[in-house]
Amino acid sequence: MSNNTNFDLENRTFLFAKAVRSYCKEVTPNIANIQDIKQVTRSSGSVAANYIEANESLSKADFVYRIKICRKEAKETKLWLSLIDIHDKPYLNNAKDKLIDEAQQLTLIFNAIIKKST
């Protein structure tokens, strides 16, 4: 991967984590949502943090390992986003769908990186 591609994906994962946080601020806090918001905040941030770690990896094996964590965290983020209840705020459906789609796109990107790297 070129440095420009690394930066673009690093920025993309960062923006994804920020977008998840912005979305969560709009969600009505209830017992279930509070727990799901905590989880989705952690997992979305972990995608970005582990991608940075992958770019700073000490070996190819370390790089692949970190990318696998990115993929796992992106899948987990998709789950937590799906569980957040927004029935009282249907206007958030579009934002939720976009975030779930981005989590899926990131999962596919990380999957391709893994296949290419092994």
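Here, each number is a calculation from the coordinates, and none is a lab measurement. Keep in mind it's a predicted model, so treat the numbers as computed, not measured. As a convention, Cβ positions derive from the backbone with ideal geometry for all residues, glycine included, and neighbour counts pool all protein chains shown.
List of remarks:
- Whole-number D in µm² s⁻¹ for the chain, Kirkwood Cα-pair radius fed into Stokes-Einstein, 10 °C, 1.306 mPa s: 109
- When you filter the GluC sites (Glu not before Pro) in the range 1-92 for DSSP loop state and at most 11 other Cβ atoms inside 10 Å of their Cβ, you are left with Glu56.
- Between Tyr91 and Asp8, the modelled label-to-label distance comes to 3.4 nm, taking each label 7 Å out from Cα in the direction of the beta carbon.
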